1. Only Lys, Arg, Asp and Glu count, each charged at its Cβ (+1, +1, -1, -1), so figure out the dipole size of segment 46-192 about its Cα centre, rounded to 20 debye.
2. To the nearest 20 debye, what is the magnitude of the charge dipole of segment 3-107 about its Cα centre, counting +1 on the Cβ of each Lys and Arg and -1 on the Cβ of each Asp and Glu?
3. Where does the charge balance sit around Leu95 when Lys and Arg score +1, Asp and Glu -1, over other residues with C-beta under 14 Å from its C-beta?
4. What net charge do the residues around Asn83 carry, taking every other residue with its C-beta under 12 Å from that of Asn83, with Lys and Arg at +1 and Asp and Glu at -1?
5. When the Cα centres of segment 269-289 and segment 56-116 are compared, how far apart do they sit, in Å?
6. What is the extension gain from Asp340 to Met239, computed as 0.36 nm multiplied by their sequence separation minus the C-alpha to C-alpha distance, in nm to one decimal?
7. Which listed residue (Asn161, Gly141, Ser354) has the Cα farthest towards the positive end of the charge dipole for segment 125-356, taking +1 on Lys and Arg C-beta and -1 on Asp and Glu C-beta about the Cα centre?
8. Find which of His124, Tyr337, Cys291 sits farthest along the positive direction of the dipole of the chain, computed with +1 on the beta-carbon of Lys and Arg, -1 on that of Asp and Glu, about the Cα centre.
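Read-outs: derived from the displayed coordinates by stated rules, not from any lab. In this text, all values refer to a predicted model and were calculated from it rather than measured experimentally. Ideal geometry is used to build each Cβ from the backbone, glycine not excepted, and the neighbour counts take in all protein chains shown.
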Amino acid sequence: MPFEQAGIYMIKEVFYMEEQLKQLEQEALAKIEAAANLKELNDVRVAYLGKKGPITDLLKGMGKLSAEERPKMGALVNTVRENVTAVLETKATVLEEAAIAEKLASESIDVTLPGRAIKVGNRHPLTRVIEEIEDLFVGMGYEIAEGPEVEKDYYNFEALNLPKGHPARDMQDSFYISEEILLRTHTSPVQARTMEAKKGESIRIICPGKVFRRDNDDATHSHQFMQIEGLVIGENIRMSDLKGTLDTLAKKMFGADREIRLRPSFFPFTEPSVEMDISCFKCGGAGCNVCKGTGWIEILGAGMVHPNVLEMAGYDPKKVSGFAFGIGAERIAMLKYGVDDIRHFYTSDTRFLSQFERTEA
Ligand code: PHE
């Protein structure tokens with residue numbers, strides 16, 4: 001082939017390849033634009049840039065070109081390839097972001113849904129009884145006093161007119177830790193401590209707390225239980241004040257039509273001492289199973305503070321007087337709620353405890 005002819009042929013070839021390239025580029029860009037997802041986009045990549053794609057074919061055809069045209073054509077092919085690759089990558093990013101956004105939207109959690117209710121506990125029946133009694137007395141100007149559960153023999157017994165070897169100590173069989181230290185058998189030591197601390201001032205306190213006595217546990221006995229004791233000291237405190245106070249307590253806890261009666265009793269720390277009964281809240285006094293046919297229910301012990309107790313704490317029994325009373329919280333709760341076994345209070349059986357739940361609408 002003469003040189004000129006060959007040259008013309010060459011020019012034609014180059015022109016033809018350029019045209020083809022532009023067309024391929026336009027096609028590829030249009031398909032990239034149209035790709036709806038990453039899979040379709042990848043198909044476009046394989047189709048146009050892959051080893052078996054038309055651009056690779058074109059490169060293979062460059063053998064026909066002159067040494068002069070070849071690098072120009074090569075550069076052109078690379079530019080097209082780079083351009084297509086760049087547009088492809090941009091589109092890939094757009095599609096990836098769209099895919100993530102779609103996934104997030106489909107998996108999103110509706111945080112406006114109301115949560116599942118968490119079951120909350122309720123107040124223990126003993127706590128309820130104690131707080132009710134506390135509220136009553138706080139309303140009458142009493143203070144709440146607390147003291148140690150591990151107590152000195154002195155405050156638990158001696159300061160309460162129960163010297164060592166006193167036979168009445170047998171009424172409160174005790175857990176001794178040493179000769180001088182024991183688990184308190186009643187909350188009266190808090191009264192002895194308060195009297196000592198107040199140094200002759202008048203007193204109006206209520207002492208709730210745990211107490212311990214050696215006992216064989218059964219339906220009505222427990223080696224640990226709760227007491228609430230009260231103490232009032234001042235000038236001219238009389239038995240009638242005690243009676244009025246206990247009457248208020250009985251009516252508050254068991255109903256406004258309750259009557260009380262006081263029977264003589266004995267406690268070493270009070271003189272005179274009494275036992276208080278209330279008229280039966282179930283039968284009103286006629287006799288039933290709750291009051292064992294008597295019409296009366298025994299509730300608590302009380303009395304006028306013994307002069308020895310006042311004196312030991314630094315009070316002058318000729319100038320001041322006082323009264324004290326002691327209630328078992330379990331006994332009150334058992335009567336009030338009809339509980340037949342004291343052990344229910346301590347075993348944390350939720351079937352028992354949930355009976356005292358209060359539901360709120
Ligand atoms: N402390 C006495 C007891 O536990 C109860 C009581 C208190 C009696 C106060 C009289 C006065 O048995």
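1. Value, rounded to 20: 1940 debye.
2. Details: 14 positive and 18 negative charges, 79 e Å.
The dipole magnitude comes to about 380 debye.
3. Values: positive: Lys31, Lys39, Arg45, Lys91, Lys103; negative: Glu33, Glu40, Asp43, Glu89, Glu96, Glu97, Glu102.
So the environment of Leu95 carries a net charge of -2.
4. Details: positive: Lys22, Arg81; negative: Glu25, Glu82, Glu89.
Charge balance in the 12 Å sphere: -1.
5. Between the Cα centres of segment 269-289 and segment 56-116 lies a distance of 95 Å.
6. Length gained between Asp340 and Met239: 33.0 nm.
7. In segment 125-356, that residue is Gly141.
8. The one lying farthest along the dipole's positive direction is Cys291.
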